[in-house]
Amino acid sequence: MGILLPEISQTMKSIITKTLYILLLLVASTSILVAQTTQPATKISGVLLDEQGKPMDYATVSLLKAQDSTIVKGTLSNEAGTYAFDHVKSGSYVIKATVVGYQKAASAAFTVTDTTSKVTAPVLKLLPTTHNLNAVSIISSKPLIERKTDRTVMNVENSVLAAGNSAMDILERAPGVSVDKDDNISLKGKQGVTVMINDKLTYLTSAQLATLLRSTDGTTIQSIEIITNPSAKYDAAGNSGIINIKLKKNKQAGTNGSVTVGTGYGKYWKDNENISLNHKEGNLNIFGSFSHNDNHRFQDIGIKRIITDTTGKPTYFNQFSNLPQLTHNNSYRLGADYDLSSKNTIGFLVSGYFNGEQDNIDNKTNIGPNFMQVDSSLHTVSTNHQTFHNIAFNLNDTYKIDTAGQELAVDLDYSNFKNNNTAKYMTDFFLADGSVQHPMAYLGNLTPSNIDIRTGKVDYTNPLTKSIKLESGLKFSDVKTDNNLLETLSPSVPYQSNNHFIYDEMIDAGYVNLSKDYKNTSIQAGLRAEYTSSTATGDSLNITQTIPRHYLNLFPSVFINHTINDKNEVGFSYSRRIDRPQYDNLNPFVYHLDPYTYQKGNPYLKPQYTNNFEFNYTYNKSLNISLGYSRTTDVITEVPGTDPATKVSFVTQQNLQTQNSYTINIYEPYTIAKWWTGNVNATGFYLGFKSNGLEGGNLDRGQSAFQIRTTQTFLPVKGYKIEVTSDYQSALTYGLFYVKPQYGTDAGISHSFANKKANLKFSVSDIFNTRTNNVSSNYQSTNLDIYQKRESRIARLTFTYNFGNNKIKARQHHTGDDDEKGRVKGAN
């Protein structure tokens, strides 16, 4: 295939660049005109500081009438601690500032006259309170699902349903998210989701990511953010958006921590344990955690296939598989932050895991002229023993250049993965009467793999004026995967190398964002450039093949938000995205599941590109309606196939020509009573696929579908909390597959006691045991139905105890480690 040409022609690049340049000039020129316009009313501004003289961000600031303390206006301080009130009429005023954990601060009274254009208030310093939580309880009550301007947030930290579950279990319950039979994550029906942990890419294949999420304890998660249309600041990967998993971090003063133990039962027993420790004294904050879980689970799979040979004669395959699985997961995090000065904070984190998995698969396949009649059968028993090891390092430095918000952040990361899989397959062949057809077939596989990931990035933020902010940055990444496949056809014969695949990918990226705030409108325009250089080298049976690729892409983005009045807001966004092929999908290895079934990679896969458009409307800060359209070219899709001559079925990845997606989402939180709140999140969408010449035919398929999720929260009595969530996804079409409906209900109750230091949670997932993952495909020579049932109904009991010094600390400063911690990556 040689060198892949740049996806955008030079002409298109020129058009995009000029368009963005004109847009930025318009924003800049408009800001100059606004700055030159005389404001008839007064603007009041000021700065808030904490007891150490650092900017106090996100404090509530109120402008009060001095005469009777009536509130005139309210706002929040920004990251630089600054605040402003526009269009203030003449009169006598007082400014008051409040924030949790601090004493209130108020200014002296001052006067605004008709001739005053600008007033700078004296600096207000907020001092910390000294109340101990033993005497005063401060409760943050966030809804489980929260809709913000550019994202949907699932506040997992205090959720009853998070206890005892893994990150994957929780993610499957997030609004608009679904997980298919192969653990591919979809958002609003579309695959191509980028998953980040603490704002950092994982760089993992779907299988590795799925197992990482299953080994991540839900009690370590603070929130899950769903961003459907990211800005240029984010990596351009992910055509359907970004899912950002935020892990907890304790910043309370002194030494404190928590211990969690839990057990669960579905068909088999499970357990989970977690300990978190934190010590903060002066400028130093040290934190760490260790999690362990044992998960014995099962899944049943049934596959029916009809294969027509070259003479038109059909053969029916009816396959049944039982897949019990036992996993032992261990993960750790250890890090520190140190304030070199009031402006400079450095952070370090080491994280990783060491996991093991044992799979014992029993597979029986009946073969005949129809599903009721059996001519022959085969019975395959296989064992897979897998080990996964990861260690990751992160070093970051955040320097606040001034109190106006100018900031420079630097991150360096290194991560290594070592995975090993030893698989043995033993197949017996039988005739219809049960007699042996021919001797047992044996196949042994060893598949060691090594992944090295190196990244470095620099982000710069500069508020040019009170209303104009510039963001820019550079990022470099180098990912190298080394995979080997060794096989033997007899347990007495040594393993021999059959395939060796090395993939090296380097991406150089840079971005610029410029945002401008007007009276009722905000505009942000951004441009990201990414240059990709990759080399795939495969050595199969002493034949070496090298496929290099080099391409440059531009990714513009535009965001416009307008406040019509106090109750009505509208917004528009556009961004261009890319999805590069996953490493395992490029790997040309052939993995046999049995003599009639295998899967293989495709080293000729091209990246797919998506243009996303989204319109949002918000009423009364609660009801949110969004309309979206996206068009994807060179869609990377799983394609099943058959060989009529050998009657063998296989699965691989190919590029389809186009995918069109239309979506509408409605989100509405509500309060029925003081003790009963909830929300509804409903998504309707249409997915259409077209591709000419696919497997000898022309694909043109599409279907409308919908997803709906409801969440109910009850506070029946003090100290108790009940949560109930229900979801339903209708049938949908994705590529060559027809996905059947999925639905389920989860519920849980929690009780806090011992002065809120102890918490006991009991939950049941999929109460009615209805969640299945059933798909079918009927295209050209492929005709199959797949039934899959995992262990989904699980009862869990979890106990958490918080200990140590819980004195409320002053301000929680924001460090580079908050946004860019070490990579918690892995495979289960």
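Observations
- In the condition set (1) within 20 Å of residue 325 (Cα to Cα); (2) touching a Ser or Thr at 6+ places or on another chain (Cβ under 7 Å); (3) of a type in the set (Val, Ile, Thr), residue 398 is compliant with all but (1).
- Pick from region 424-439, criterion among the charged types (D, E, K, R) and over 35 Å from the mean Cα position of the chain (by Cα), ranking: least open to solvent (accessible area, probe 1.4 Å): 428
- Region 525-536, residues that are surrounded by fewer than 16 Cβ atoms within 10 Å (Cβ to Cβ) and either touching a residue at least 60 places away in the same chain (Cβ under 8 Å) or more than 30 Å from residue 468 (Cβ to Cβ) (or both): 533, 535
- Residue check, residue 461 in a strand (DSSP E or B), in contact with a helix residue (DSSP H, G or I) (Cβ under 7 Å, 6 or more places away or on another chain) and buried (at least 16 other Cβ atoms within 10 Å of the Cβ): no
- If you go through region 599-629 and keep only what is polar (S, T, N, Q) and either free of Cβ contacts under 8 Å to residues at least 24 places away in the same chain or under 30 Å from residue 650 (Cβ atoms) (or both), you end up with 599, 602, 608, 610.
- Per this entry, residue 547 is counted among residues that are of a type outside the set (D, E, K, R), at pLDDT below 90, farther than 25 Å from residue 233 by Cβ and open to solvent by less than 40 Å² (accessible area, probe 1.4 Å).
- Some residue of region 600-609 being assigned to a strand (DSSP E or B), under 28 Å from residue 319 (Cβ atoms) and open to solvent by 50 Å² or more (accessible area, probe 1.4 Å): yes
- The residue of region 254-279 that is modelled with the lowest pLDDT, among those that are open to solvent by 20 Å² or more (accessible area, probe 1.4 Å) and farther than 22 Å from residue 213 by Cβ, is 255.
- Elements of type strands (runs of 3 or more DSSP E) in region 697-782, at least 2 residues being over 24 Å from the mean Cα position of the chain (by Cα) and among the hydroxyl-bearing types (Ser, Thr, Tyr): 697-714, 742-753, 775-779
- Of the residues in region 623-644, at least one is open to solvent by 30 Å² or more (accessible area, probe 1.4 Å), aliphatic (A, V, I, L, M), modelled with pLDDT under 90 and assigned to a strand (DSSP E or B).
- Selection from region 656-673 of residues that are open to solvent by 40 Å² or more (accessible area, probe 1.4 Å), closer than 29 Å to residue 784 by Cβ and not aromatic (Phe, Trp, Tyr): 657
- Failed criterion for residue 434 (all others in (1) within 30 Å of residue 57 (Cα to Cα); (2) modelled with pLDDT under 90 hold): (1)
- Close pairs (6 angstrom Cβ cut-off, 6 or more residues apart or separate chains): farther than 24 Å from residue 784 by Cα in region 715-739, acidic (Asp, Glu) and buried (at least 20 other Cβ atoms within 10 Å of the Cβ) anywhere: 725/746
- Within region 553-588, the set of residues being open to solvent by 60 Å² or more (accessible area, probe 1.4 Å), farther than 14 Å from residue 524 by Cα and over 21 Å from the mean Cα position of the chain (by Cα) comprises 564, 565, 566, 567.
- Matching entry among 671, 658, 677 (being part of a strand (DSSP E or B) and more than 30 Å from residue 716 (Cα to Cα)): 658
- Residue 558 meets all of the listed conditions (1) under 30 Å from residue 425 (Cα atoms); (2) among the aliphatic types (A, V, I, L, M); (3) touching a Phe, Trp or Tyr at 6+ places or on another chain (Cβ under 6 Å) but one, namely (1).
- Whichever residue in region 415-452 is of a type in the set (Phe, Trp, Tyr) and touching a Phe, Trp or Tyr at 6+ places or on another chain (Cβ under 8 Å) and, among such residues, is farthest from residue 362 (Cα to Cα): 417
- Number of residues in region 538-590 that are without any contact (Cβ under 8 Å) to a residue 40 or more places away in the chain, assigned to a strand (DSSP E or B) and within 30 Å of residue 622 (Cα to Cα): the value is 2.
- Residue check for residue 309: open to solvent by less than 50 Å² (accessible area, probe 1.4 Å), under 23 Å from residue 261 (Cβ atoms) and among the acidic types (Asp, Glu): no
- Some residue of region 416-423 being touching an Asp or Glu at 6+ places or on another chain (Cβ under 6 Å), surrounded by fewer than 18 Cβ atoms within 10 Å (Cβ to Cβ) and over 21 Å from residue 328 (Cα atoms): no
- When 443, 412, 378 are checked against the criterion of being surrounded by fewer than 18 Cβ atoms within 10 Å (Cβ to Cβ) and either without any contact (Cβ under 8 Å) to a residue 40 or more places away in the chain or assigned to a strand (DSSP E or B) (or both), a single residue qualifies: 412.
- All of (1) without any contact (Cβ under 8 Å) to a residue 12 or more places away in the chain; (2) within 30 Å of residue 612 (Cα to Cα) hold for residue 709 with one exception: (1).
- Qualifying residue in region 645-652 (condition: open to solvent by 50 Å² or more (accessible area, probe 1.4 Å), touching a residue at least 24 places away in the same chain (Cβ under 8 Å) and under 30 Å from residue 708 (Cα atoms)): no
The values are calculated or read from the model by the stated rules, or taken from the named source; none is laboratory data. Everything numeric here is computed off the predicted structure, so don't read it as measured data. Neighbour counts are summed over all protein chains in view; Cβ atoms, including those assigned to glycine, are modelled from backbone coordinates with ideal geometry. Each accessible area value is taken on the protein alone, full model and side chains, heavy atoms only, with ligands, DNA and RNA left out. Shrake-Rupley method; radii C 1.70, N 1.55, O 1.52, S 1.80 Å.
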